[in-house]
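The values are calculated or read from the model by the stated rules, or taken from the named source; none is laboratory data. Since the structure is predicted, the reported quantities are computational estimates derived from the model, not experimental observations. Cβ coordinates were reconstructed from backbone atoms using ideal geometry, including for glycine residues, and neighbour counts include every protein chain displayed. All accessible areas refer to the heavy atoms of the entire protein, side chains included, with ligands and DNA or RNA removed. Shrake-Rupley method; radii C 1.70, N 1.55, O 1.52, S 1.80 Å.
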Amino acid sequence: MNSFDESDAFEGASLSSRAMAARPQPYLDGLNPEQRLAVETMDGPVLMLAGAGTGKTKALTTRIVHLLNTGRARPNEVLAVTFTNKAAREMKTRVGTLLGQQVEGMPWLGTFHAICVKLLRRHAELIGIPGTDLTLNSNFTILDTDDQLRLLKQLVQAAGIDDKRWPARQLAGVIDHWKNRAWTPDKVPAAEAGAYNGKAGALYKQYQRRLIELNAVDFGDLLLHVVTIFQTHDDILQQYQRWFKYILVDEYQDTNVAQYLWLRLLAGGHKNICCVGDDDQSIYGWRGAEVGNILRFEKDFPGAHVVRLEQNYRSTPHILAAASGVIAGNEGRLGKELWTEAQEGEKVRLIGHWDGEEEARWIGEEIEAMQRGTRGQRPHGLDDMAILVRASHQMRAFEDRFLTIGLPYRVIGGPRFYERMEIRDAMAYFRCVTSPSDDLAFERIVNTPKRGLGDKAQQKMQVTARQNGVPLIEGARLLLEDKGLTGKGARELQVLLDGLARWGRMAGDKSISHIELAEIILDESGYTEMWQNDKTPEAPGRLENLKELVKALENFENLTGFLEHVSLIMDNESEESGEKVSIMTLHAAKGLEFPAVFLPGWEDGLFPSQRSMDESGLKGVEEERRLAYVGITRAEEICTISFAGNRRVFGQWQSSLPSRFIDELPEDHVDVLTPPGLYGGGYGAAGMAGSMGGVQNSIDARVQEANVYNSPGWKRMQARAGNRPTSQPRESTSPVIDMAAASSHTVGERVFHQKFGYGEIVGLEGDKLEIAFDKAGTKKVVARFVTSPDDVPF
DNA sequence: TACGGCTGTATTTTT
DNA sequence: TACAGCCGTA
């Protein structure tokens, strides 16, 4: 498997280049000049800066078609990567449509992860543990987050660490982070290895070793391992460099370091790489995405052609102007100005409410009015409307309200089908059958349903397995043989092991379809029965999901194929019927569009989120601002922004100020609405100031600022627009943004310490600081070991 | 082993 | 407030 044989290594060359060369190019006709340029500039590096709604997918798919049609590459020589399966699917379909034929051979169009699995299966044995002969095997399993966490927990406990104080979750986060940066255990900088109780570095190493012993990889490994192979085996890298004649990357602003390295390595030869993205829509910094990748593109690839797609086909001019106004507050942008030929339409609507409930009530009424078309607009169906929130807990107010008024809604996001407990359990059974050495799967199901095999019994199996150097299932069998387990548990375990063995034989029996087999497994194991006997309200739904799971098997040849697919695809394709308003987070809304969009909860602390600002300072605010930009640009015709003066947070009433982003909305494109029930004038009018006391006056002042556009804050903003971010520090915002100016620290300042994490300064003593750390308690540390949260290198 | 009450904590999420 | 994860008890 180590040697590289082109004849069988690459599947699917279904279109010969010669046959394609003379074809006409009608697909170019529908493109605007910029899109056309992006399609026709085929050689060398190209950066396609595609603003929201500018037809980026069209340009990208047409480019692929053009490459094929002009004979530059065969379908299997084009590497096209996306982040989500949805995007990959869409590209595949659209390429097929444009080409007017089914493209059998685009085996290298897929997500980063899917493509890496393919690559890694070919070269798995090159990944090993130094100093041992342990290596990965090409039939490795891909662990889901649950398995990963279970494994880490074992390691943490084995290391004698108190996993209450130091949750395995946190360690998982650290490791994930390192993998995103393409750091193998030996590459983790010493300064970072001390995270998590000082043991993260050592635990990471153990974890990687354990994974290989289990012949398993986690999601991060898929990229990390392939990058490692490319870095250490130049011959292999070169072969792929030659094979992939053209590389295309979607959502480039979302790439992390590992993905970036992966791309650079693969494009290193011919540099025919086309990256598509929008720096203004980079909203995944918190999970490792580096906006810097797209900002640096021209440096990374000297001589790159940069094409800007700026003609927007989605929104009205007012909406675009509002979005531009907000995003102008960010520094270091590549710069784009969206324009449109669309009718002027309505201004962005801004409205403030007394509290979150009123906001939900008002939006509910608005939606009903829009449905009827009584608001002067054309009537809109519920499918045309969406509510986009910053954090999922905000959804509750809307769900409550919509339930009481009987307005149909759907929540997008949330737990995915394949992440549900019953689905994971069922799949763990399948895994045990198809690969009897899958310890983690066995651990998951050994006592599900309850078989009287608790911690104690499981411990014994683990020990037996370790002592004999065999997988857990085998260990369990040995334990029974040696009579190390007795009574009910022993009998039940025997039944389970016999079952697994029997099902394993059936899997090899051609007369039984894998669908029947799946049903047999779920029945005979008692798993279905477990839910049938369960009287909680969720049980029927879970049984329903299990049925759906079995149905999904129809699309696959066998269980193994299905499991491989599922480990990479976590889609939620439940197509509910009927017109419904969509409720989702801003993150989930990226890439979508709706005629009418509601953006509630624009309050400082909620949006921009306090946590984001605390942890990432100015960078955090900028990412939040991009989120605002994404939100506004989802709207085609009507965009309604709102905020509430009071909100229940964790059961307590809190009052807050309108979001700083509201200050940044350009006056000319905003229409400030008066909430019903608050007669006596709009914002800033005496009536309202009178009706709201105390804290409300300050809200009022801010509202007036947003409304009248002549306040000092507003003028300051105008002066700085396009220059510096407008956000002025507020008392409520604790991070000290500029460390240069803060050579001496102050009490109350948020800081970051390499070892102890984030904390707040509670005392000063010469060059020492007393800091109350979020996680590590109060400690005295030397001042030079702490940095401002936004200086933290990750 | 299994359940109920207690405590601590509380973005954003794909693969 | 709400929920998950832990501990103590039956």
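Across all C-alpha atoms in the stretch A:74-172, the radius of gyration and Dmax reach 19.6, 62 Å. Pairs with C-alpha atoms separated by more than 29 Å, drawn from the list A:LYS450/A:LYS547; A:LYS58/A:LYS271; A:LYS164/A:LYS483; A:LYS153/A:LYS619; A:LYS199/A:LYS299, are A:LYS164/A:LYS483; A:LYS153/A:LYS619; A:LYS199/A:LYS299. Inter-label distance, A:ASN32 to A:ARG502: 6.6 nm, where each label sits 7 Å from its Cα along the C-beta direction.
Each residue, A:GLN25 and A:ARG648, gets one label point 7 Å from its Cα in the Cβ direction; the gap between the two is 6.2 nm.
The value of relative contact order for the stretch A:419-563, using C-alpha pairs under 8 Å at least six residues apart, is 26 percent.
Return one whole number: the accessible area per residue of the stretch A:143-214 in Å², for a 1.4 Å probe.
It amounts to 45 Å² per residue over the stretch A:143-214.
Restricting the calculation to Cα atoms, the stretch A:508-553 shows an Rg/Rh of 1.05 when the hydrodynamic-style radius is the Kirkwood one.
Mind checking which of A:LEU143, A:ILE175, A:ALA202 is farthest towards the positive end of the stretch A:143-214's charge dipole, using Cβ charges of +1 (Lys, Arg) and -1 (Asp, Glu) about the Cα centre? Farthest along the dipole direction, towards plus: A:ALA202. A Förster radius of 35 Å combined with the Cβ-Cβ distance from A:ARG287 to A:VAL470 puts the calculated FRET efficiency at roughly 0.40. Would you mind telling me the share, in percent, of accessible area of the stretch A:73-210 contributed by carbon and sulfur at probe 1.4 angstrom? Ligands and nucleic acids excluded, carbon and sulfur give 51 percent. Projecting label points 7 angstrom from Cα along Cα→Cβ for A:LEU543 and A:HIS565 puts them 2.6 nm apart.
Net length available on complete extension from A:ARG242 to A:ARG169 is 22.2 nm, with 0.36 nm assigned per residue and the Cα-Cα distance removed.
Distances between placed amide hydrogens fall under 5 Å for A:GLY526 paired with no residue 5 or more residues away or on another chain. Using the Cβ-Cβ distance between A:SER513 and A:GLN101 with R0 set to 35 Å, the FRET efficiency from 1/(1 + (r/R0)^6) comes to roughly 0.65.
Its Cα centre serving as origin, the stretch A:118-161 has a Cβ charge dipole (Lys and Arg +1, Asp and Glu -1) of approximately 120 debye.
Just the protein heavy atoms count here, and of the accessible area of the stretch A:419-563 at 1.4 Å, carbon and sulfur take up 50 percent. Rolling a 1.4 Å probe across the protein heavy atoms gives the stretch A:419-563 an accessible surface of 52 Å² per residue. Note on A:GLU344/A:THR536: beta-carbon distance plugged into 1/(1 + (r/R0)^6) with R0 of 56 Å gives a FRET efficiency of 0.55. For the stretch A:419-563, the extents of the C-alpha atoms along the principal axes are 41, 37, 24 Å, listed from largest to smallest. For A:LYS580, the lysines whose Cα comes closer than 24 Å to its Cα, not counting residues fewer than 8 places off in the same chain, are A:LYS86, A:LYS590. Multiplying the residue separation of A:THR135 and A:VAL306 by 0.36 nm and removing their Cα-Cα distance gives an extension gain of 57.3 nm.
Mind checking the full-extension length gain between A:SER577 and A:ASP186? Use 0.36 nm per residue of separation minus the Cα-Cα distance, one decimal, nm. Numbers along the way, then the final one.
On the way: separation 391, 0.36 × 391 = 140.76 nm, distance 5.19 nm.
Length gained, A:SER577 through A:ASP186: 135.6 nm.
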